[in-house]
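The structure appears right after this line, and notes come after that.
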Amino acid sequence: MPSYNLFTCPNCENHFRVVWPDPLPSHYHLCSKVKIACPTCEELAELYAFLLDRILQAPDSTMPTVQVESVSSRDPNPEPYARAKWQQRIFLRRAARVKPMYGN
């Protein structure tokens, strides 16, 4: 069974299936930067390929798809704690949205 990549937008927290270009560029590496535009909030995100979550089962057919805009060559010095910083962006934006609803 094929596996898929899943993109979580840090701005709107929607999940999307990633559609890679065919053929995959020869310079692709897990430390490559991938540029993806969220179809919901239209925010352009540039993230390392290893930040895309791999899901092993086929996604729900109603799940929207995202096209990869560009793939850079391998970054020889990937940012340390990139995954933690990516998740922190999601949680900080979530807290900023929730805080006005519940006050201080």
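Read the figures in this text as sums done on the coordinates, not as results from a lab. Quick caveat, the model's predicted, so the values are computed rather than measured. Note that each Cβ is placed from the backbone with ideal geometry, even for glycine, and that neighbours are counted across all protein chains shown.
Quick grid of which residues meet (1) more than 27 Å from V98 (Cα to Cα); (2) among the charged types (D, E, K, R):
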| residue | (1), (2) |
| --- | --- |
| N5 | yes, no |
| P21 | yes, no |
| C41 | no, no |
| A49 | yes, no |
| D60 | yes, yes |
| E69 | yes, yes |
| R74 | yes, yes |
| P80 | yes, no |
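May I ask you to list pairs of residues, at least six apart or on different chains, whose Cβ atoms are under 8 Å apart, with the first in the range 74-86 being in contact (Cβ under 8 Å) with a residue 40 or more places away in the chain and under 14 Å from L52 (Cα atoms) and the second being small (G, A, S) and surrounded by 10 or more Cβ atoms within 10 Å (Cβ to Cβ)?
Note: no pairs meet the criteria.
Could you tell me which of the residues E46, E69, E42 is loosely packed, with under 12 Cβ neighbours inside 10 Å, in contact with a Lys or Arg (Cβ under 6 Å, 6 or more places away or on another chain) and free of Cβ contacts under 8 Å to residues at least 60 places away in the same chain?
Residue meeting the stated conditions: E46.
What's the number of the condition M63 fails, among (1) surrounded by 12 or more Cβ atoms within 10 Å (Cβ to Cβ); (2) within 24 Å of P25 (Cα to Cα); (3) out of contact with any Asp or Glu (no Cβ under 9 Å at 6 or more places or on another chain)?
(2)
Out of the residues in the range 1-30 meeting the condition of being among the hydrophobic types (A, V, I, L, M, F, W, C) and touching a Ser or Thr at 6+ places or on another chain (Cβ under 9 Å), tell me which one is surrounded by the fewest Cβ atoms within 10 Å (Cβ to Cβ). Lay out the reasoning, then the answer.
Of the residues in the range 1-30, the ones among the hydrophobic types (A, V, I, L, M, F, W, C) are 1, 6-7, 9, 12, 16, 18-20, 24, 30.
Next, from what is left, pick out any that are touching a Ser or Thr at 6+ places or on another chain (Cβ under 9 Å): 9, 12, 16, 18-19.
Working: C9: 21, C12: 14, F16: 20, V18: 18, V19: 12.
The extreme case among them is V19.
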